[in-house]
1. Would you point out the residue of region A:211-242, among those that are closer than 20 Å to residue A:170 by Cβ and in contact (Cβ under 8 Å) with a residue 60 or more places away in the chain, that is nearest to the other protein chains (Cβ to nearest Cβ)?
2. So, of the residues in region A:123-136 that are surrounded by fewer than 17 Cβ atoms within 10 Å (Cβ to Cβ) and under 20 Å from the mean Cα position of the chain (by Cα), which turns out to be farthest from residue A:208 (Cα to Cα)?
3. Just to be sure before I move on: is residue B:53 more than 10 Å from every other protein chain (Cβ to nearest Cβ), farther than 30 Å from residue B:391 by Cα, modelled with pLDDT of 50 or more and not in a helix (DSSP H, G or I) in the structure I sent?
4. Only one of these is out of contact with any helix residue (DSSP H, G or I) (no Cβ under 7 Å at 6 or more places or on another chain) and either in contact (Cβ under 8 Å) with a residue 24 or more places away in the chain or surrounded by fewer than 18 Cβ atoms within 10 Å (Cβ to Cβ) (or both): B:239, B:261, B:268. Name it.
5. Run residue A:248 past the list (1) within 12 Å of chain B (Cβ to nearest Cβ); (2) outside any helix (DSSP H, G or I); (3) over 20 Å from residue A:158 (Cα atoms); (4) at pLDDT below 95 and report the number of the one that doesn't hold.
6. How many residues are under 18 Å from residue B:388 (Cβ atoms) and either part of a helix (DSSP H, G or I) or modelled with pLDDT under 95 (or both) if we restrict to region B:334-363?
7. Based on this model, can you work out whether residue A:217 counts as within 30 Å of residue A:155 (Cβ to Cβ) and in contact with a helix residue (DSSP H, G or I) (Cβ under 6 Å, 6 or more places away or on another chain)?
8. For residue A:277, work out the one condition from (1) farther than 27 Å from residue A:55 by Cβ; (2) within 11 Å of chain B (Cβ to nearest Cβ) it doesn't fulfil.
């Protein structure tokens with residue numbers, strides 16, 4: 001199913017791309033200083049699968065270990081309010097805001113997820129600077145039973161990073177960019193017992209971890225008449241701030257993520273260019289340690305886009 | 001033109017991504033995990049972990065006892081004291097203890113039988129090397145509670161001691177007299193209790209466990225004394241009264257480093273049981289994090305054993321101490337306490353214990369089978385747990 005979908009998308013991209021080249025005379029590439037019109041997009045996810053950490057890792061209290069030999073990732077269907085994304089882009093500035101509240105569908109134990117993510121970046125001449133920040137909270141009802149009582153699990157994470165890079169092209173059209181960033185992430189997991197006839201019990205910390213992060217990314221995007229295609233390769237290294245003296249008891253001190261993400265935007269109706277479809281494919285090469293902090297979309301993400309120029 | 005080149009490059013990369021199922025077969029999910037495990041182990045102090053004790057002339061280098069990590073079940077603290085009903089808030093059944101007497105030989109046998117029946121894995125003997133107290137002779141007379149299985153000593157270092165002051169704390173361990181008494185006490189315990197009973201004695205990596213119920217009361221440079229003694233004797237010191245605040249000041253920090261483990265004797269005498277056990281749980285989490293930082297710094301892994309407290313009531317002790325009595329409002333509050341302990345074992349606490357006061361009657365925490373009197377029966381909003389109710393909870397959770 002996945003391969004069929006991928007092939008269909010590739011076929012569309014190649015076909016549309018060739019069509020675009022034969023039909024239209026593309027304008028010459030713009031110099032970085034030339035201003036382009038602004039683009040405001042609202043993305044609404046229509047594919048409900050999300051990646052999260054396996055329930056056993058919550059029960060074993062090893063979420064903070066990150067990817068290890070133990071099973072890690074689970075894909076779960078979330079529903080309720082979707083998590084929309086708003087993107088505003090002009091030639092030398094781009095802002096992305098994404099967030100919302102979701103609940104699991106048809107899955108026990110029930111999970112509620114709240115998260116938000118803001119990215120701001122701008123360029124002067126070829127120099128790119130940017131910052132991003134996120135928070136995420138997930139609560140899972142009655143996930144651990146010790147002997148007589150069940151517990152709810154909650155995790156809360158937040159983090160930020162800044163970066164410096166190089167960009168050639170325009171955010172709202174086509175560009176190539178490279179980034180090097182640094183930042184900080186922290187996460188805390190807690191449980192609360194459900195004891196009959198005893199109310200207002202405390203939440204107890206299970207773990208609290210801080211990481212320094214170093215990120216590298218390379219991104220390219222090209223936009224033609226009816227299609228836009230971007231590819232981005234990301235690498236993030238996580239270093240524990242409070243070192244772990246024993247990986248078996250506290251996890252590894254150094255963790256890494258590396259993933260490749262492609263985003264394809266198709267404008268199916270030439271007379272109604274506001275409506276677009278977006279498919280985002282992600283491939284992780286080094287596990288998915290970022291799930292320690294927040295849930296993430298599964299490897300396929302389909303969005304409905306309303307785009308205003 | 002350049003846009004077309006960029007487009008071609010992106011499409012090529014896209015095609016690679018689409019076929020990346022094969023890539024995942026080449027690269028393992030987490031190649032870094034095993035490599036970094038190896039490098040991290042370099043920081044561990046191998047001498048601490050292997051129990052490679054320095055050889056000293058005339059002193060056994062390793063105790064061939066029962067390793068703490070192999071003990072399953074709670075640790076029962078037992079006492080050579082007389083039961084004084086006027087000063088006690090727990091009243092043991094006559095089969096186990098006679099009024100105004102120490103447990104007889106047969107009563108100690110019965111206590112051991114009960115302790116084992118309800119899931120204890122080892123006993124902790126309240127002990128003083130001060131022969132004036134006659135506790136040594138008491139324990140010798142019953143073979144150091146030989147019906148109870150593995151044991152280790154609670155070294156009474158606050159009351160009835162030969163330190164200055166002899167009763168109460170703190171003890172100034174910069175005082176040469178106190179330093180010498182400490183060495184003499186350890187020497188006495190080692191030669192007269194540990195070595196003769198080593199097949200039953202509880203050890204950590206071959207080092208005999210000695211528990212100090214109020215190590216925080218040993219002020220001054222106690223750390224260097226502990227290290228000095230550990231060079232001469234294979235002893236593993238477990239302290240108490242340390243976990244509720246992060247140590248401040250060089251002497252406190254060094255004492256914490258020099259101790260080998262931690263196990264609270266009591267959770268205190270506040271009036272609200274629920275608040276007390278929750279605060280203990282929170283403090284334990286922060287203490288484990290503190291020990292983690294110490295382990296990174298020193299390479300030494302400290303043991304951390306949990307403590308169970310059924311109640312606290314010292315209102316009959318004369319002269320009055322002024323502590324409010326503390327009872328759970330219901331059996332479920334006690335269950336909640338043990339549930340939190342069970343939940344933390346293996347992460348916050350080591351997978352040993354918890355430590356339980358079995359027979360200290362004046363402070364009301366004892367879990368020994370007790371008489372259900374009008375003053376000790378459960379009432380609405382007050383769970384005392386007379387009879388074997390406290391023991392049954394322990395068995396339910398820790399009777400492995």
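1. Restricting attention to region A:211-242, the residues satisfying the condition of being closer than 20 Å to residue A:170 by Cβ are A:217-232.
Then drop every residue that is not in contact (Cβ under 8 Å) with a residue 60 or more places away in the chain, which leaves A:224-227, A:229.
Details: A:224: 7, A:225: 12, A:226: 13, A:227: 9, A:229: 5 Å.
Among those that are closer than 20 Å to residue A:170 by Cβ and in contact (Cβ under 8 Å) with a residue 60 or more places away in the chain, it is A:229.
2. Applying the first criterion (surrounded by fewer than 17 Cβ atoms within 10 Å (Cβ to Cβ)) to region A:123-136 yields A:124-127, A:129, A:131, A:133.
Next cut, under 20 Å from the mean Cα position of the chain (by Cα) only: A:129, A:131, A:133.
Working: A:129: 30, A:131: 24, A:133: 19 Å.
Among those residues, the one meeting the criterion is A:129.
3. Working: more than 10 Å from every other protein chain (Cβ to nearest Cβ): yes; farther than 30 Å from residue B:391 by Cα: yes; modelled with pLDDT of 50 or more: no; not in a helix (DSSP H, G or I): yes.
Here the answer is no, as residue B:53 does not meet what is asked.
4. Going through B:239, B:261, B:268 in turn, just one is out of contact with any helix residue (DSSP H, G or I) (no Cβ under 7 Å at 6 or more places or on another chain) and either in contact (Cβ under 8 Å) with a residue 24 or more places away in the chain or surrounded by fewer than 18 Cβ atoms within 10 Å (Cβ to Cβ) (or both): B:261.
5. Checking residue A:248 against (1) within 12 Å of chain B (Cβ to nearest Cβ); (2) outside any helix (DSSP H, G or I); (3) over 20 Å from residue A:158 (Cα atoms); (4) at pLDDT below 95, the one that fails is (2).
6. Number satisfying all stated conditions: 5.
7. Working: within 30 Å of residue A:155 (Cβ to Cβ): yes; in contact with a helix residue (DSSP H, G or I) (Cβ under 6 Å, 6 or more places away or on another chain): no.
Answer is no for this residue.
8. For residue A:277, the failing item is (2).
The values are calculated or read from the model by the stated rules, or taken from the named source; none is laboratory data. In this text the structure is predicted, and so the values were computed from the model without any measurement. No Cβ is skipped: glycine too gets one built from the backbone with ideal geometry, and neighbour counts run over all protein chains shown.
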